[in-house]
Amino acid sequence: MNSAVAGSPMAYARYSGRGSIVHIDAVTIALVLAISLLGLVMVTSASVSIASKETGEAFYYLERQLLLMLIGGACAAFVFCIPTQALDRLSMPLLITALILLFAVLIPGLGHSVNGSRRWLRIATINFQVSELARVLVLTYVASYAARKEEELRTTFMGLAKPLGLLCLAGAFLLAEPDFGAASVLFVTGFGVLFIGGARLRYVLAMTLFAAAGFGALAMSSGYRVRRLKAFLDPWADPYNTGFQLTQSLIAIGRGQWFGVGLGESVQKLFYLPEAHTDFLFAVLAEELGLVGVLLTLSLFIALVWRSFYIAKLASDEGLKFQAYLAAGFGLWVGLQAFINIGVNMGVLPTKGLTLPLMSYGRSSLIVSLAWVGLLLRVYHEAMLEKRGSATVRQRSSVLGDRQARAARSAAKPPAPAPDPVTERERGNPAVVGKPPPKQADLLEKQDVDGGEEE
């Protein structure tokens, strides 16, 4: 093999481990493709009118969403080539990088403000939302901690309190942007990974009550959050101001009925429903595809969450704790964020600025989400390599055991008696055919002896 190729990440992915086979989880890829392509169709439908007004190009968002999917796919392929052991070793530098990014976005001149929130770093002409990448980096550290400090996490309160302190620090940076939704998702997902890692139930319940009280106090400490809560409780009390977004979303969902009004036939997306192609894409989907489309979307997300936990169990069964927590973290995140986004669209939860994973239009969200899928596929690959290697070892042990058993039986078997020359001569045995026959006297003597025995 060429030395340059051998040192590349792709070469490591193909030739490391116990074989050169690359294990690809076709189920995960199929689910992600289905969700992303459905999102591409709905983003196109929801953005035609706004794209025509803003840019004069009806398919402006379609072209960019497709480009973002290709970039995200390339990032997923790159992440797939990175061994998870490297991420485990670099978990602390990755955590520090995440905290630096979350702090940097708050510095005037570095952070870019949109709609009153300073959540983006401006790179050339592109705005990058650092909370998307920081979430993955922080959760990677949490997964590494749960694997390395398993005994401490299972037995002591401080084993749970230390990583929760780091989650609170990252959440404080997010709240300073402000981004209450991202902080909530990060904290709950990290808390879930620690619980799966074995944190004691009584400590988990105590910290859950404490966190719930803290988030409640934070929600009531800001004027705009209080207004959102009031609009959530009764959006029809002020349908043209604070409740406008939610009421228009509910109207869109109600119009969909069983089978929807038809793809591209939504009325609410025509400047009635704000952020129709991003945060409220699900409402447009419900209006155009109806309950059937809603159930299809929910089924796809549930299947992806189930597959993530299946991969996590597969890795855990092979002793890959860190990898199992990574896969479980992805499943928790995608399930939680999809639940929150759909709940907001249906008026079940207060309005949050969270996209629908893998579906809504968004540069940072879509690219990072697809890259995270590459990490999930890497966990599946390594778990299958470990499983294949274990099966090979068991097979070799079984073959060796059989050989040893056969050798033992052969050693314990008594030696065969010497053959009778006369009988063997009658059978034509070549070993005795050439020998002279026994003398007559010997035969008579043998008969006398036999006869005497009979008497």
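The values are calculated or read from the model by the stated rules, or taken from the named source; none is laboratory data. Everything numeric in this text was worked out from a predicted model, so none of it was measured. Cβ placement follows ideal geometry from the backbone for every residue including glycine, while neighbour counts extend to all protein chains displayed.
Test Ala338 against the criterion of being in contact (Cβ under 8 Å) with a residue 12 or more places away in the chain and either within 15 Å of Leu194 (Cα to Cα) or outside the structural domain of Lys149 (by TED's automatic domain parsing) (or both), and give yes or no.
no
Could you identify the single residue in Arg148, Arg135 that is of a type outside the set (Gly, Ala, Ser), surrounded by fewer than 16 Cβ atoms within 10 Å (Cβ to Cβ) and under 23 Å from the mean Cα position of the chain (by Cα)?
Numbers: Arg135 fails: surrounded by fewer than 16 Cβ atoms within 10 Å (Cβ to Cβ).
Answer to the check: Arg148.
Which of the residues spanning the stretch 271-321 are assigned to a helix (DSSP H, G or I) and among the β-branched types (Val, Ile, Thr)?
Val284, Val292, Val294, Thr297, Ile302, Val305, Ile311
Among the residues of the stretch 226-238, is any among the acidic types (Asp, Glu), in the same structural domain as Leu332 (by TED's automatic domain parsing) and touching a helix residue (DSSP H, G or I) at 6+ places or on another chain (Cβ under 8 Å)? Working first, answer last.
Initial filter on the stretch 226-238 (among the acidic types (Asp, Glu)): 234, 238.
Next, only the ones that are in the same structural domain as Leu332 (by TED's automatic domain parsing) stay: 234, 238.
Okay, now just the ones that are also touching a helix residue (DSSP H, G or I) at 6+ places or on another chain (Cβ under 8 Å), so 238.
Yes, the conditions are met somewhere in the stretch 226-238.
Ala219 versus (1) in a helix (DSSP H, G or I); (2) within 23 Å of Leu326 (Cβ to Cβ): which is the lone unmet condition?
So the condition that Ala219 fails would be (2).
Give me the residue from the stretch 326-376 that is over 22 Å from Ala26 (Cα atoms) and among the polar types (S, T, N, Q) and, out of that set, modelled with the lowest pLDDT.
Thr351
With the condition being small (Gly, Ala, Ser), touching a helix residue (DSSP H, G or I) at 6+ places or on another chain (Cβ under 7 Å) and in contact (Cβ under 8 Å) with a residue 24 or more places away in the chain, I'd like the strands (runs of 3 or more DSSP E) fully within the stretch 60-151 carrying at least 2 qualifying residues.
Details: elements: 111-114, 117-123, 126-129.
Those strands (runs of 3 or more DSSP E) do not exist here; none qualify.
Looking at Leu175, Leu205, which one is out of contact with any strand residue (DSSP E or B) (no Cβ under 8 Å at 6 or more places or on another chain), in the same structural domain as Leu106 (by TED's automatic domain parsing) and under 20 Å from Leu349 (Cβ atoms)?
Answer to the check: Leu175.
In the stretch 222-266, how many residues are outside any loop (DSSP other than H, G, I, E, B), over 24 Å from Leu38 (Cβ atoms) and among the charged types (D, E, K, R)?
4
Within the stretch 269-283, is there a residue that is crowded, with 16+ Cβ neighbours inside 10 Å, at pLDDT below 95, of a type in the set (Val, Ile, Thr) and within 18 Å of Thr355 (Cβ to Cβ)?
Scanning the stretch 269-283, I find at least one residue that is crowded, with 16+ Cβ neighbours inside 10 Å, at pLDDT below 95, of a type in the set (Val, Ile, Thr) and within 18 Å of Thr355 (Cβ to Cβ), so the answer is yes.
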